[in-house]
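Derivation of every value follows stated rules applied to the coordinates shown; laboratory data play no part. Being a predicted model, the structure only gives us computed values, none of them experimental. With ideal geometry, Cβ positions are generated from the backbone for all residues, glycine too; neighbour counts draw on all protein chains shown.
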Amino acid sequence: MAEIAGTLNVNISQKELTLLEQRDLTGRDRLVRRIVVFLPAVFVLIHILEHLYVPSFKNYKPSVSYLILMAILLGALIVWDIFTFFSYEAFEKLRFKSALYVAIAIILTIYDLATIKFGVLELPYFPWIGKVFDAMISDRSKLWECVYHSFKLLFTGYFCGVGIGLLCGILAGWSKTVHYWIQPITRVLGAIPSTTYMPIVMMLASSLFGGAAFIIGLGVWFPVTVSAMNGVQNVQKHYYEAAETLGTKRLGILSRVVIPASMPTIFTGLTQGMSIACLTLVVAEMMGVEAGLGWYINWQKGWGDFTKMYGAIILICLTFILVNTILGLIRKRVLRWQDGGI
């Protein structure tokens, strides 16, 4: 079907092309696709029943709060399943995510069996999931405080690195003189992880927060600078020619033509910079900062409380997923002009 559309040079959207492809499905194929959509809810239900009815090791009682969380998740999946009968987009999204959700449910079940049910993995190094979740709830005030400090440090360093990186990258891609000076710096600093400078920065910085923010910003600066520089340099020449034909001035070409055309490449650097910022954040908090999730992990590890340590690790994962999801939504919004016909 895609080949036919390309041969006829028909300008149709991806959604319309997918709907055309559905017409070739047999009744058996449609049934299999529908079963795949229901599998996540089925495996979550199996995990709940396993957690409730399989005898526990040493008579440990199931976690009520964890069961409530799983019940909410199961309810959300059931509602999503019902919604797929009325929305094809919801159906395709859940069908695409089905294998991932099933794998997560299977991993949770296996880990639950290996810890609380059969005792293959024992305390204190391998607490069961319900115990970790209960620890997160009991220490939630401290965890929220650490989340606040982590977000504050993360975004302070990230936005400083992004601002300076965009300025350096765009100017280096636009001006040969600026490129002459920026290129050697990127080659030197880009080859060395920003965390390497941490002992020196922490010794010279006036505050631990400022030193950690500088390390994060330095790590973000390199990919943002390089992506912005490459994006500006790779703008096609006929864009310049068209703008000059319309009488656009040099500064107008930069702001209205070059920067918008470079945005896909720039967002690649922004995404890479966020990944580096998240990694550097945890390292900085573990080594020098007096608050934050990385500091909390190091603190609980020192006391041998691995349950709370795992809870903070889970919270870090969820936090980074949230941050990258928001960045992805911003990218999709800014680059919505790319989602045209095919």
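Select from the range 66-111 those chymotrypsin sites (Phe, Trp or Tyr not before Pro) which occupy a DSSP coil region and have at most 11 other Cβ atoms within 10 Å, ordered by residue number. Before the final figure, lay out the partial values.
Details: sites: Tyr66, Trp80, Phe83, Phe85, Phe86, Tyr88, Phe91, Phe96, Tyr101, Tyr111; in loops: Phe85, Phe86.
Those satisfying the criteria are Phe85, Phe86.
For percent of Cα pairs over 28 Å apart, the value calculated from this model appears in (1) 44; (2) 51; (3) 61 under label (3).
Where does the longest stretch of the chain lie that holds no trypsin sites (Lys or Arg not before Pro) found in a DSSP loop with 12 or fewer other Cβ atoms within 10 Å? Display every interim value, and only then the final one.
Working: sites that count: Arg23, Lys249.
Longest run free of exposed loop sites: 24-248.
When the Gaussian network model of the chain links Cα atoms closer than 10 Å, the mean-square fluctuations of Pro184, Pro40, Pro264 top out at Pro184. Charges were assigned to the Cβ only: +1 to each Lys and Arg, -1 to each Asp and Glu. The resulting dipole of the chain about its Cα centre is roughly 360 debye. Taking θ as phi - 60° and the Karplus parameters 6.51, -1.76 and 1.60, the scalar couplings of the range 214-223 work out to 5, 4, 5, x, 5, x, 6, 4, 5, x Hz in sequence order, x denoting glycine and proline. For the range 242-251, putting each phi into the Karplus relation 6.51 cos²θ - 1.76 cosθ + 1.60 with θ = phi - 60° gives couplings of 5, 5, 5, 5, 7, x, 6, 6, 4, 5 Hz, in residue order, rounded to whole numbers and with x for Gly and Pro.
Any idea what the relative contact order of the range 140-337 is, in percent, if you count C-alpha pairs under 8 Å spaced at least 6 apart?
Numbers: 239 pairs, mean separation 52.7, N = 198.
Relative CO of the range 140-337 lands at 27 percent.
In this rough spin-label picture, where each label sits 7 Å from Cα along the Cβ direction, the Ile46-Glu290 distance is 5.1 nm.
With θ taken as phi - 60° and the Karplus curve 6.51 cos²θ - 1.76 cosθ + 1.60 applied, the whole-hertz 3J(HN,Hα) list for the range 79-93 is 4, 4, 4, 5, 5, 5, 6, 10, 10, 5, 5, 5, 4, 5, 5 Hz, x standing for glycine and proline.
Panel order for Cys160, Cys168, by other beta carbons found within 10 Å of each beta carbon, from fewest to most: Cys160, Cys168. Only Cα pairs under 8 Å and 6+ residues apart enter the sum, and on that basis the relative contact order of the chain stands at 19 percent.
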